[in-house]
1. Which percent of the accessible area of the chain is formed by carbon and sulfur heavy atoms (probe 1.4 angstrom)?
2. Might you tell me the accessible area per residue for the chain, computed with a 1.4 Å probe and given in Å²?
3. HN-Hα J couplings of region 75-89 from phi, Karplus 6.51/-1.76/1.60, θ = phi - 60°, integer Hz, Gly and Pro as x?
4. Describe numerically, in nm with one decimal, the distance between label points set 7 Å from Cα along Cα→Cβ at K78 and at E123.
5. Calculate the length of the line joining the C-alpha centroid of region 49-98 to that of region 22-40, in whole Å.
6. Show that you can apply the helix-only estimate: for the chain, add -39,500 (n - 2.57) for every DSSP H stretch of four or more residues, divide by all residues, and state [θ] at 222 nm to the nearest 500.
7. So for each of 112-124, 27-39 I average, over its residues, the number of other beta carbons within 10 Å; can you give me the resulting order with the highest mean first?
8. Mind pulling up the Rg/Rh value for region 59-129? Radius of gyration and Kirkwood radius, both on Cα.
Amino acid sequence: MKAKSANPNAANSNAVNNGHAATSQRLARLAWMLDSSIRLPGGFRVGLDGIIGLIPGIGDLIGAGLSSYIVVEAARLKVPFRVLARMGLNVLIELVVGIVPIFGDIFDFAFKANLRNVRLLNEYLSKNA
């Protein structure tokens, strides 16, 4: 599944309407930086999360910590548990699979948990504006 937008300034317009614009934009920018900020030849995009994940031993833990910030911010916005659980599962999947040498690193670059989580957050905010 392809992300709706790699543009960090493309926060969901309905999220803007319900007063969470600044948070939504900040989290979209962070997700873009972590998952899609670096263009590779051929047009594929990777982010800092995948690159940090290449550090043996602690890289995936650091990446999961950064990814968890988006989940924590969603909790502060009073997002329901079922949405937070899906977001947490995305981070957990990226962490667990990312630990596997080579395959996990490739998975880290492709899964883009942070963009998925911001999309889940913005979908919730737009439905409940």
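The values are calculated or read from the model by the stated rules, or taken from the named source; none is laboratory data. Since the model is a prediction, treat every value here as computed from it, not as a measurement. Glycine also receives a Cβ, built like all others from the backbone with ideal geometry; neighbour counts cover every protein chain displayed. For the accessible areas, the whole protein counts, side chains as well, though only heavy atoms, and no ligand, DNA or RNA atoms are used. Shrake-Rupley method; radii C 1.70, N 1.55, O 1.52, S 1.80 Å.
1. Numbers: 4670 of 7070 Å².
C and S atoms contribute 66 percent here.
2. Here the residues of the chain average 55 Å² of exposed surface.
3. Values per residue, Gly and Pro as x: 5, 5, 7, 6, 5, x, 4, 4, 6, 4, 5, 5, 5, x, 5 Hz.
4. Here the answer is 2.3 nm between the modelled labels.
5. 14
6. Calculated from helices alone, the mean residue ellipticity at 222 nm is -20500 deg cm²/dmol.
7. Numbers: 112-124: 24.0, 27-39: 20.9.
The most tightly packed comes first, giving 112-124, 27-39.
8. Rg divided by Rh gives 1.02.
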